[in-house]
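K.L.:
Below you will find the structure I want to go over with you.
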Amino acid sequence: MRRAERLVVGGGIGGLTTALALAKRSMSCTVVERQTEFGEIGAGIQLAPNALRVLDGLGVLHGVMANAVMPRRARLMNARTGAVITALDFGEAFRARFGYPYIVTHRSDLLNAILSACRASPLITLETSMAVLGLSAHDASVRVRCENGCEWEAGVVIGADGLRSTVRRYVLDDGEPDYVGHVAYRGTVPIDAAPGVVARDEITWWVGPGMHLIQYPVRRGELLNQVFVFEADTVGDPDGWGPPEELGRFFGDKVPAVREGAAVLDKDRRWILRDRPPDRNWTRGRATLLGDAAHPMVQYLAQGACQALEDAVVVAECLALEDDVERGLARYQAVRIPRATATQMWGRTMGEIVHADGVTAMLRDALLRGREPTDFGYVEWLYQSAPQCLRLQAGGEAAHARRSRAVQTD
């Protein structure tokens, strides 16, 4: 039996950030990862100011920014006509309002920056090849059994093990996540391989009936990240939903930039998207959940990782503030559940809006065309300062302001 005062299950973005946040509060922890090495599956990721605020407080923002791209704006485009529906400007007014820019980067670049900081901390132990099979409560601890025969006894367990979380099965035992009927193809290509892309310094969101495509640069602008999503024919085995020929039917008759993006896309792998409704509890005794294990989100707000980062620093701060672990976890979820739930629900609504057809799409376009690119009303609640528990920055608000100015001038 191995002992860990704090055990984080899952070594992805949420789990490693949790370890770093705990270390920032002078608390040791062990991270157990099922794979043989730490790494991220996927391609690009969008990080809004609420995420950068967390990364800055943990001292890793500079490393993340090294390979990131700061797009000048995001545009919502009609995939049939090429018309601009609306735009959100990420320039000076945006940075002044929220204190940070909006960035896009490769998921592996983000993970590697966090992982490097974890490896540099004497308070963090990283263990690989530790696939967790089950958990059980024992007095003032939780025991965790791994596939390789290793057993851990921990004072607190934090489940950051994703959509099909083993820790969630112990905490809530609510079955498998639901299929949402959407299929995603995503990946990166050298940006010069798709010369028809409308803009290389912005996020372009192409929308149409039952589909959307997001394109943006990553890795210092050298790669084009693309995410194609469509409402698949859901007949038969879900593993067979959304084959490449169905992707072709959704995107093959759209504007040239969309068709060219589809032509260079690697179609060998696709993701059948799944989701869960919001929950009012994430905790059982000394075990709790964060990130996709707690609140998996459809991707329409690009907030899945951002919310996991917020979870990480809040759970660390709440455990630091409370002598009793269970009180600390209760405080954590009291802070985080309302905000995560609001983000989940707004993300679902956003998906309905962008995939609209007919009169609904006409009304959407008419409404959004009237807004100014510097009108931040729709995102103010999401990007602005998060709950007080997120204020990990040493030196308080003055230091935060200095760092914000430095990021804006990098």
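Please treat every number below as a calculation from the coordinates, not as lab data. Note that the structure is predicted; figures quoted are calculated from it, not measured. Positions of Cβ are generated from backbone atoms using ideal geometry, with glycine treated the same way; all protein chains shown enter the neighbour counts.
K.L.:
Over the chain, with a Gaussian network built from C-alpha contacts below 10 Å, which listed residue (384, 226, 333) shows the highest mean-square fluctuation?
P.N.:
Of 384, 226, 333, the most mobile in the Gaussian network model is 384.
K.L.:
Turning to a different aspect of this structure: Order of 229, 8, 354 from fewest to most other C-beta atoms within 10 Å?
P.N.:
Listing 229, 8, 354 from fewest to most nearby Cβ atoms yields 354, 229, 8.
K.L.:
Just rank 376, 94, fewest to most, by other beta-carbon atoms within 10 angstrom.
P.N.:
376, 94
K.L.:
Of the candidates 122, 243, 278, which one comes out as most mobile in a Gaussian network treatment of the chain with C-alpha springs shorter than 10 Å?
P.N.:
Comparing 122, 243, 278 in the GNM, the peak value goes to 122.
K.L.:
Once phi is turned into θ = phi - 60°, what whole-Hz ³J(HN,Hα) does the Karplus curve with 6.51, -1.76 and 1.60 give for every residue of the stretch 116-130, x standing for Gly and Pro?
P.N.:
4, 5, 5, 5, 7, 9, x, 8, 10, 10, 10, 10, 10, 6, 10
K.L.:
Further, regarding this structure: Counting other beta carbons within 10 Å of each residue's own, what order do 17, 374, 188 fall into, fewest first?
P.N.:
374, 188, 17
K.L.:
Here's something else I'd like to know. Using a Gaussian network model of the chain with C-alpha springs under 10 Å, which one of 323, 161, 275 is most mobile by mean-square fluctuation?
P.N.:
Residue with maximal mean-square fluctuation among 323, 161, 275: 323.
K.L.:
Take residue 246 and residue 37, extend 7 Å from each Cα along the Cα→Cβ direction, and tell me the distance between the two endpoints in nm.
P.N.:
3.4 nm
K.L.:
Would you mind calculating the gained length between residue 150 and residue 28 on full extension (0.36 nm times residue separation, minus the Cα-Cα distance), in nm to one decimal?
P.N.:
Gain on extension, residue 150 to residue 28, equals 41.9 nm.
K.L.:
With θ taken as phi - 60° and the coefficients 6.51, -1.76 and 1.60, list the Karplus ³J(HN,Hα) couplings across the stretch 282-289 in order, rounded to whole Hz; mark glycine and proline as x.
P.N.:
After applying 6.51 cos²θ - 1.76 cosθ + 1.60, I find 10, 10, 9, x, 9, 10, 9, 10 Hz.
K.L.:
Now a separate question. Taking H placed 1.01 Å from N in the peptide plane, check which residues at least 5 places from residue 43 or on another chain put their amide H under 5 Å from its amide H.
P.N.:
Amide H neighbours of residue 43, under 5 Å, 5+ apart: 107.
K.L.:
Give, as a single signed number, the net charge of other residues whose beta carbon lies under 13 Å from the beta carbon of residue 108, with Lys and Arg counted +1 and Asp and Glu -1.
P.N.:
Neighbour charge sum, excluding residue 108 itself: -1.
K.L.:
As a test, work out the antiparallel percent of DSSP beta bridges whose residues both lie in the chain, rounded to the nearest 5.
P.N.:
Taking every DSSP beta bridge with both residues in the chain, the antiparallel ones total about 70 percent.
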